[in-house]
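As structure tokens, the structure follows; a few thoughts come after it.
Just so it is clear, none of the values below were taken in a lab; they were calculated from the coordinates. Since this is a predicted model, take the numbers as computed values, not measurements. As a convention, Cβ positions derive from the backbone with ideal geometry for all residues, glycine included, and neighbour counts pool all protein chains shown.
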Amino acid sequence: MDFDLTPEQREVWLWAKEFADKEIAPRVEENDRNAQFDFDLLKKIGDQGFFSAVLPSQYGGQEIDYIAYALMTEEIARVCSSTRTLFSVQISLVELPILKYGTEAQKQKYLPKMATGELIGCFGLTEPNAGSDAANQQTTAVQDGDYWVLNGQKTWISNGSIANVAIVIAQADKSKGHKGICAFLVETDTPGFTARQMKHKLGLKSSDTSELFLDNVRVHKDQMLAGYGEGFKVAMFCLDQGRFSVAAGAVGVSQGCVDISTKYAMERQAFGQKIGEFQMIQQMIAEMATECEAGRLLVLRAAHRKNQGIRNTRETSLAKLFCAEAAIKASYNAVQVFGGYGFSEEYPAARYYRDARVLNLYEGTSQIHRMIIAQDELNIRPANGPGSARTPIERFTNPLVSVL
Ligand SMILES: Cc1cc2nc3c(=O)[nH]c(=O)nc-3n(C[C@H](O)[C@H](O)[C@H](O)COP(=O)(O)OP(=O)(O)OC[C@H]3O[C@@H](n4cnc5c(N)ncnc54)[C@H](O)[C@@H]3O)c2cc1C
């Protein structure tokens, strides 16, 4: 087991860290206060090549591995969860599914422009009546010659109003259940496609979150992503990728909370001493730091499996559940360390607290992840597929070997 970063991973990490501190941090508070999406920052992220991170070079990508991608995601989230959401959606929920399931023509059409940020993507799965129960899709897809006609509504879609292309999940044959679901690449300027921003959110104020409306949207059959009836499989793949990046982002939130709390604790005085010298403050900081590190290891283990091309639904779920809950707890404790000032928007703890709260809601609530993990442990539904049962030895030696 090697816990060291390669020189390349370290370089990517430092690159993201520098960008987060120099370019994102100075804008965070104003963007949050004004609840505005920052198009100027989007351009900078695109120009830096961040959106090209994991793509192969033939599509304009940098081919960085998943460990470096996790560290980049963490660094962005350490500073701003809204920006991290933009980054995660573009790469994990849209680029990677197109890379995995797209035809060569689809890849050529979208990936190089997504890599530079010229095109922005969004992923439309959730509907007013299909959240955790994602297979209950009400959006319909009806074939009409060479076209599919889409009708329905999506809700809570990150990047929805700023996207140029949306992966839309729709039901083509209700009688087939999830095997009737298809995925489409819908260009958002197609007639009948509209988006409306959702305002007054608890957090992620400078992330664009929107409803999508599809009113007789005609999509050419070449825009189907993967085959007929494979839309649910595509959606689950999207979530496997998205959950990984949310877990990495959650580590960044925990790290951000450690950073602001330790700084404040060594500045603020009470009873004639620094509050950081009180054991009860130290206890909160110790818990934050420990859970942050533990979560980081879970993320990096999932990343390691991704690098090896091994199925990692279980490891990603473990990471997402643990890191999301740890980040929420860390942000709660950060407010506590700041005392009354933690309750003020003049200090960063309040923003971390509001932004962290979404982490165990999107990309699978914590209840859904507990269900995935427990069903795997009980062998009711092995998360990594049949035959993926493990012994302790197998867990820590060769993940490729399946021992029953
Ligand atoms: C800011 C934000 C951004 C988002 N971005 C996107 C996006 O880009 N694309 C997208 O498609 N979606 C997105 N979502 C939607 C998100 O994935 C869903 O909100 C989430 O899956 C939960 O669905 P729901 O809101 O319908 O809650 P519900 O599914 O109605 O859940 C309500 C409660 O019931 C619990 N519950 C449900 N089923 C079970 C069960 N079987 N066992 C135990 N408990 C259960 C849940 O855990 C939860 O506590 C976003 C959401 C938010 C808040």
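General remarks:
- Selection within the range 259-318 - closer than 21 Å to Tyr352 by Cα and of a type in the set (Lys, Arg): Lys263, Arg268, Arg296
- From Arg33, Arg84, Arg78, residue being out of contact with any helix residue (DSSP H, G or I) (no Cβ under 7 Å at 6 or more places or on another chain), within 23 Å of Gly203 (Cα to Cα) and touching a residue at least 40 places away in the same chain (Cβ under 8 Å): Arg33
- Pairing each residue of the range 125-138 that is charged (D, E, K, R) with any residue that is in a loop (DSSP other than H, G, I, E, B) and more than 8 Å from the ligand (Cβ to nearest atom), provided the two are 6+ apart or on different chains, yields C-beta distances under 6 Å for Glu127/Gln138.
Residue-wise test of (1) out of contact with any helix residue (DSSP H, G or I) (no Cβ under 7 Å at 6 or more places or on another chain); (2) over 23 Å from Gly364 (Cα atoms).
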{"site": "Ser158", "(1), (2)": "no, no"}
{"site": "Ser175", "(1), (2)": "yes, yes"}
{"site": "Thr194", "(1), (2)": "yes, yes"}
{"site": "Thr209", "(1), (2)": "yes, no"}
{"site": "Arg218", "(1), (2)": "yes, yes"}
{"site": "Tyr228", "(1), (2)": "yes, yes"}
{"site": "Ala235", "(1), (2)": "yes, no"}
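- Residue among Ala334, Ala356 that alone is in contact with a Ser or Thr (Cβ under 7 Å, 6 or more places away or on another chain), more than 25 Å from Ile64 (Cα to Cα) and either charged (D, E, K, R) or more than 16 Å from the ligand (Cβ to nearest atom) (or both): Ala334
- Taking the range 64-75 as the range and being within 12 Å of the chain's Cα centre (by Cα) and closer than 17 Å to Lys44 by Cα as the test, only Thr73 passes.
- Filter result for Ala374 (without any contact (Cβ under 8 Å) to a residue 40 or more places away in the chain, closer than 28 Å to Trp156 by Cα and either within 16 Å of the ligand (Cβ to nearest atom) or surrounded by fewer than 23 Cβ atoms within 10 Å (Cβ to Cβ) (or both)): yes
- Among the residues of the range 108-144, those identified as away from the ligand (no atom under 15 Å from the Cβ) and surrounded by fewer than 20 Cβ atoms within 10 Å (Cβ to Cβ) are Gln108, Lys109, Pro112, Lys113, Thr116, Glu118, Thr140, Val142, Gln143, Asp144.
- The numbered conditions (1) surrounded by fewer than 22 Cβ atoms within 10 Å (Cβ to Cβ); (2) within 23 Å of the chain's Cα centre (by Cα); (3) not in a helix (DSSP H, G or I) are all true for Glu363 except (1).
- The range 243-279, residues that are part of a helix (DSSP H, G or I) and over 16 Å from Ala327 (Cα atoms): Lys263, Tyr264, Ala265, Ile275, Gly276, Glu277, Gln279
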